[in-house]
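The block underneath contains the structure these notes are about, expressed in structure tokens.
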Amino acid sequence: MKRLILAAMLATGLAGAAHADDALKSAIAGEHRAAANKARDTYRHPYETLTFFGIKPTMTVIELSPGGGWYTEILAPYLRDQGKLYGAVPDAESRGGKAFRDRMAANGAVYGKVTPVQFAPPDSIALGAPNSVDMVVTFRNLHNWLGNGDDAVLTVLKEAHKVLKPGGVLGVVEHRLPAKMTQDAKASSGYMHEAYVIRMAERAGFKLAAKSEVNANPKDTADHEKGVWSLPPVLTNKDKDREKYLAIGESDRMTLKFVKQ
């Protein structure tokens, strides 16, 4: 019996290895990635996060508000040959939109097939044709949209729902506020209740498929003087309590997978 159990365990392990996404691992390990970005892998867990969402190299993916392009560094080479990546960013005249486009243009070998889509909620949110993409992902952005109210969050989520194919996935990572703490109307601390995010996504038509604790950080109490920005990498308080915040690390984060019905 023990031999049978051992054999089954070995078979399961081999099967798991066979299903490892080597292309994703290669993109994460790529020399094109900035050293400072790679150093944050220990907090952001890109391989575990993206495989939890169910990403495949053949997918058409929209990344909402990629900011400095931390995840774009990984998604662009991963999707380059078989899939398609759209970066939902402000127009080319804006600071963020220009910076994103300049970065894409500076390394065509990696980013040459990334297509910008104008996206600046609440004014500009159109992401594309209905039922046209396989996955929409967003990392630590919902609190920014909530600055314009619940309707702004709901409008973005509804647009994501519209553009996804039936069965398509919305992947969300966001700073998590403990349920016992009060979330202000604009999430000015950067933290949000997980229950709120789920409720808004469900109102937009999504079904919660799964939760992951891969980006959880139990050291984060979410009650910092200047919100989530007190923590690395921003460390907005500079030298004040610097060692304390470094010891905590990056924020506690919810990681949620939603599916379009």
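Among the residues of the range 77-114, the one identified as in contact (Cβ under 8 Å) with a residue 40 or more places away in the chain, more than 14 Å from Ala27 (Cα to Cα) and aromatic (Phe, Trp, Tyr) is Tyr86. Is it the case that the range 146-169 has a residue that's farther than 19 Å from Tyr43 by Cβ, open to solvent by 10 Å² or more (accessible area, probe 1.4 Å) and free of Cβ contacts under 8 Å to residues at least 24 places away in the same chain? Scanning the range 146-169, I find no residue that is farther than 19 Å from Tyr43 by Cβ, open to solvent by 10 Å² or more (accessible area, probe 1.4 Å) and free of Cβ contacts under 8 Å to residues at least 24 places away in the same chain, so the answer is no.
Of all residues in the range 44-61, those that are in contact (Cβ under 8 Å) with a residue 12 or more places away in the chain have Cβ atoms under 7 Å from Cβ atoms of residues that are open to solvent by 50 Å² or more (accessible area, probe 1.4 Å) and in a loop (DSSP other than H, G, I, E, B), 6 or more apart or on another chain, in Pro57/Gln82; Thr58/Gln82.
Of all residues in the range 75-97, those satisfying the criterion of being at pLDDT below 95 and either of a type in the set (A, V, I, L, M) or open to solvent by 60 Å² or more (accessible area, probe 1.4 Å) (or both) are Ala92, Glu93, Arg95. Total residues in the range 27-39 satisfying the condition of being surrounded by 12 or more Cβ atoms within 10 Å (Cβ to Cβ) and not in a loop (DSSP other than H, G, I, E, B): the figure is 5.
Within the range 205-224, none of the residues are over 20 Å from Leu50 (Cβ atoms) and assigned to a helix (DSSP H, G or I). Just one of the listed residues (Thr42, Thr49, Thr58) is crowded, with 18+ Cβ neighbours inside 10 Å and either at pLDDT 95 or above or not in a helix (DSSP H, G or I) (or both), namely Thr49. Taking the range 233-261 as the range and being buried (at least 16 other Cβ atoms within 10 Å of the Cβ) and either more than 22 Å from the chain's Cα centre (by Cα) or free of Cβ contacts under 8 Å to residues at least 60 places away in the same chain (or both) as the test, the residues that pass are Leu235, Asn237, Tyr245, Ile248.
When Glu202 is tested against (1) open to solvent by 20 Å² or more (accessible area, probe 1.4 Å); (2) in a strand (DSSP E or B); (3) among the charged types (D, E, K, R), exactly one condition is not met: (2). Taking the listed residues Ala152, Ala99, the one that is under 21 Å from Val169 (Cα atoms) and in a helix (DSSP H, G or I) is Ala152, with no other qualifying.
The values are calculated or read from the model by the stated rules, or taken from the named source; none is laboratory data. Small disclaimer: the values here were computed from a predicted structure and weren't measured. Every residue, glycine among them, receives a Cβ derived from its backbone with ideal geometry; neighbour counts consider all protein chains shown. Please note that ligands, DNA and RNA were not included when accessible areas were found on the heavy atoms of the full protein model with its side chains. Shrake-Rupley method; radii C 1.70, N 1.55, O 1.52, S 1.80 Å.
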